[in-house]
Amino acid sequence: MRIGELAKATGATARALRHYEQAGLISSERAPNGYRVYDERAVTRVRNIRYLLAAGLTLDDVRVFLPCLDGDLTTAPPSDKGIQVVSERLAVLNRRIAAQTAVRDRLQAALRRAISERRRSAA
């Protein structure tokens, strides 16, 4: 199948597919006219890549899962490396959430002070 067909079958853009290929996550052959041609297995692989990316992993993280990208990713037994990558990504997200929560709390406190001061000066 050509890149447009793979894009349609997976919901990925052609640009994303070229990016995945450049990253070594998928591969294609070249037709005599120079078009990329993918086999049917690429549909499952791209869907799994998109699933992992949507879960918050990066393309570098996804590389760890290469051995199981061609099957049912949700039922594959977890590898030690996969668990490590997901744990590290979760730790990064938790740090970001904590930082954002702290910023929100400071803004909220500053807003309360500003409203309180405004009410006092208006009275």
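Some points to look at:
- Computed lengthening from residue 111 to residue 40, 0.36 nm per intervening residue step minus Cα-Cα distance: 20.0 nm
- Length added when fully stretched, residue 74-residue 19, from 0.36 nm per residue minus Cα-Cα: 17.4 nm
- Across the stretch 105-119, computed HN-Hα scalar couplings (Karplus, 6.51 cos²θ - 1.76 cosθ + 1.60, θ = phi - 60°) run 5, 5, 5, 4, 5, 5, 5, 4, 4, 5, 5, 5, 5, 5, 5 Hz from first to last residue, x flagging Gly and Pro.
- Checking (i) 72, 31, 25; (ii) 80, 37, 21; (iii) 52, 30, 20 against the coordinates, the calculated Cα extents along the principal axes in Å falls under label (ii).
- Sum of -39500 (n - 2.57) over DSSP H runs of 4+, divided by residues of the chain (222 nm, nearest 500): -21000 deg cm²/dmol
- When each of 106, 36 is scored by the number of other beta-carbon atoms lying within 10 Å, the sequence from fewest to most is 106, 36.
- The chain: angle of helix 41-54 to the longest principal axis, Cα-based, in degrees nearest 10: 10 degrees
Computed from the coordinates by the stated procedures, all read-outs in this text should not be read as laboratory data. Computed from a predicted model, the values in this text were never measured in an experiment. Quick reminder, even Gly has a Cβ in these numbers, built from the backbone with ideal geometry, and neighbours come from all protein chains shown.
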